[in-house]
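The values are calculated or read from the model by the stated rules, or taken from the named source; none is laboratory data. Model, not experiment: these values are computed from the prediction. Here the Cβ is made from the backbone with ideal geometry for all residues, glycine too, and neighbour counts use every protein chain on show.
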Amino acid sequence: MDLNAAQQKVNELRDLLNQYGHEYYVLDKPTVPDAEYDRLMRELMDLEEKFPELKSADSPTVRIGGTVLDMFEKVVHEIPLLSLGNAFNEQDLRDFDRRIRQVVGEDYSYVCELKIDGLAVSLRYENGLFVQGSTRGDGTIGEDITSNLRTIKSLPLRLRENVSIEVRGEAFMPKRSFEALNKVKEERGEEPFANPRNAAAGSLRQLDPKIAATRNLDVFLYGIGDVGESGVVSHSEGLDYLDHLGFKTNKERRKCANVDAVIEFVNSWVERRPNLPYEIDGIVIKVDSLAQQSDLGTTAKSPRWAIAFKFPAEEVVTTLLAIELNVGRTGVVTPTAVLAPVKVAGSTVQRASLHNEDLIREKDIKIGDKVVVKKAGDIIPEVVNVIAEQRTGEEVDFQMPTHCPECESELVRLEGEVALRCINPKCPAQIREGLIHFVSRDAMNIEGLGEKVISQLFSEKLIKDVADIYKLTSEQLLGLERMGEKSVSNLITAIEASKSNSLEKLLFGLGIRHVGAKAAKTLAQVFGTMDKLAEATEDELKSINEIGDKMADSIAAFFTKEEAQELLKELVIAGVNMEYKGPMPISVEQSDSFFAGKTVVLTGKLERLTRGEAKDRIESLGGNVAGSVSKKTDLVIAGEDAGSKLTKAEQLGIEVWDEDKLLEELEK
Ligand code: IVH
């Protein structure tokens, strides 16, 4: 066969396979036997092997998984992927509906959809060709998982029209695939996945796409980034358009004329949910008209035109086997219930925090009790109550210890606190937890240095304080369990990169009592450098709006401690940055203003202020007034006839105020 003939055959095979694949995986209506599909696929693979120049990104053969990656690249979402506000009961839904009516009047309708419990993804197509797929990440920056997404058979590699479009949806693992995967994992002696969501996320985070290819993942699309010239004017039309382009959308959607119809739909799924072949964690309710969606706008995180109804948490009964004690970073000793493993809301639960001794007394919890367990917000396991009627008399009262379970020093109950604390600053548990806090996401964000690695490094005495992290060598790390060359080299790079973090991350990471991430940011903005902060008097600190007396005391006390001074010196020697790198330092006086450190854009005609006045007043309060809207904008003030800047702000999910709201805040 010559190249021309091969090209023709390859095209034919691809068209056929794409058609059969679409019928099977998207429409769920196969038209040919599996054996026929497999035979055509083998023929195509053979041809592509013989004529490698004919390989292409939209060939169905790419679904078996391509090259192994070193790492996932970051992807910036031009239009952020927002999250949703929650409703937990009928009243919340009626309140949502009232807010909608206040803005759009009485002429509107909703679309209700299943809330698929998987991983949010964004897919980009150029001229009909799938070019990039990414995770949601923090909504603005995600990870490029194109090669893994390509392996999902219901995901079209080429659309039925040559459009350029970005679409959003949920990748997930069907229940049956999840059960089969866990069975294999258990047979191999591997840790099973806790639930289908983790299994889907874990599969899509594999650097080797061949693994994702074996995981039977699936994807439902539910949104379009920018409808552009498509002519789509409502969400329901958008979903039909997605169908038309060849995407898989969920058919269990319903248009509802009012909130009563919404509530009926929601209730019907509480019963039917277990029968679905995939997991859902709620129902999403969206205002249908795109024009009305745009009138309603968004808050910083979520649209005002949509809400997620979360199903009531499932409750199960299990036995409380023991109560364990954990010592936290600040020395607080927390009792934790050890439970007979039980499946609840999609995963197996074995532990639940009991918070403190008072709560154990209040709920009258005894060791050996039968207890009701649920997951609060479907995530955090919680003991709801004891079933006292089922007691046998063998149950044992719990006694809170008098001494630290880790270092054996005497525990104290500080005035006004319910918690018991270990106040030994050398307590190994506190030091270990402090190290875990230092590397965590909101602090120095050192990827690859999780709880397990830190615990190992600490127990092997390779690190005793945070400065030691910067002295770690590849040889030391290679000696740890489950650490290969690649992960060690990534870890060393991540440690190195953390040295250039802006001051607030370090400040938060140091774990100064009462200083949370937000206060750390304000302190960094006001003082600019660690030295200036260290020199600040308590009064200076207290004059900052967000810094209360307790925090000011604790900051001042921290910097007078000799060990703290030594530690900071060591960090400087290691090359750790001690300066604020954010966009704008602010003064102490400005620090209590809403505008401090925020980037504001003015657009449209203001009535009571001139643009110049508005700018001066915002700047005098520590704000920064910019000319154009971008991802860095925090707030847009829209006057009359606001145009493209307002549209862009809405697309980017940036908070928008009118002039009244601006004046109100300026007067404060
Ligand atoms: S709409 C701006 N629809 O739920 C609207 N989200 O917090 C944003 N999800 O992880 C989302 N099914 O991926 C929407 N039918 C559905 C959904 C859905 C699942 C996920 C979404 C995100 C979370 C929203």
Fill in the blank from the handout: Expected single match for more than 15 Å from the ligand (Cβ to nearest atom) and more than 28 Å from LYS648 (Cα to Cα) among ASN162, ASN148, ASN127 is ASN148
Exercise for the section: Kindly state which strands (runs of 3 or more DSSP E) lie completely within the stretch 314-372 and contain at least 3 residues that are touching a strand residue (DSSP E or B) at 6+ places or on another chain (Cβ under 9 Å) and touching a residue at least 40 places away in the same chain (Cβ under 8 Å). Expected result: 315-327, 332-344
Practice task
State whether one or more residues within the stretch 267-279 are under 30 Å from TYR125 (Cα atoms) and surrounded by 19 or more Cβ atoms within 10 Å (Cβ to Cβ).
Solution key: yes
Fill in the blank from the handout: Here the residues within the stretch 602-651 that are surrounded by fewer than 19 Cβ atoms within 10 Å (Cβ to Cβ), at pLDDT below 85 and at positive phi are ASP641
Problem - 2 or more residues farther than 19 Å from ASP592 by Cβ and touching a helix residue (DSSP H, G or I) at 6+ places or on another chain (Cβ under 7 Å): qualifying helices (runs of 4 or more DSSP H) within the stretch 492-558 - result: 503-509, 530-535
Handout entry: Subset of the stretch 97-110 that is out of contact with any helix residue (DSSP H, G or I) (no Cβ under 8 Å at 6 or more places or on another chain) and either within 16 Å of the ligand (Cβ to nearest atom) or in contact (Cβ under 8 Å) with a residue 12 or more places away in the chain (or both) - its residue that is nearest to ASP295 (Cα to Cα)
Key = ARG99
Fill in the blank from the handout: Checked GLU113, GLU73, GLU78 against criteria (under 30 Å from the mean Cα position of the chain (by Cα), within 16 Å of the ligand (Cβ to nearest atom) and surrounded by fewer than 15 Cβ atoms within 10 Å (Cβ to Cβ)); the one match is GLU78
Exercise for the section: For the stretch 266-275, indicate whether the set of residues that are part of a loop (DSSP other than H, G, I, E, B) and either within 14 Å of the ligand (Cβ to nearest atom) or within 27 Å of the chain's Cα centre (by Cα) (or both) is non-empty. Expected result: no
Completion exercise
Looking across the stretch 212-238 at residues that are in contact with a strand residue (DSSP E or B) (Cβ under 8 Å, 6 or more places away or on another chain), of a type outside the set (Val, Ile, Thr) and within 27 Å of PHE178 (Cα to Cα), the single one that is nearest to the ligand (Cβ to nearest atom) is TYR222
Exercise for the section: From GLY231, GLY246, grab the single residue that is in contact (Cβ under 8 Å) with a residue 60 or more places away in the chain, of a type outside the set (S, T, N, Q) and on the phi > 0 side of the Ramachandran plot. Expected result: GLY246
Exercise for the section: Please work out if LYS499 is closer than 26 Å to ARG329 by Cβ and surrounded by fewer than 17 Cβ atoms within 10 Å (Cβ to Cβ). Expected result: yes
Practice task
Go through SER294, SER353 for me and flag whichever is more than 22 Å from the chain's Cα centre (by Cα) and within 14 Å of the ligand (Cβ to nearest atom).
Solution key: SER294
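Among what's in the stretch 130-145 and is more than 15 Å from the ligand (Cβ to nearest atom) and crowded, with 17+ Cβ neighbours inside 10 Å, pick the residue that is nearest to THR61 (Cα to Cα).
Looking at residues that are more than 15 Å from the ligand (Cβ to nearest atom) and crowded, with 17+ Cβ neighbours inside 10 Å, I get PHE130.
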Practice task
Could you check, for the stretch 566-589, whether at least one of its residues is within 25 Å of GLN430 (Cβ to Cβ), part of a helix (DSSP H, G or I) and acidic (Asp, Glu)?
Solution key: yes
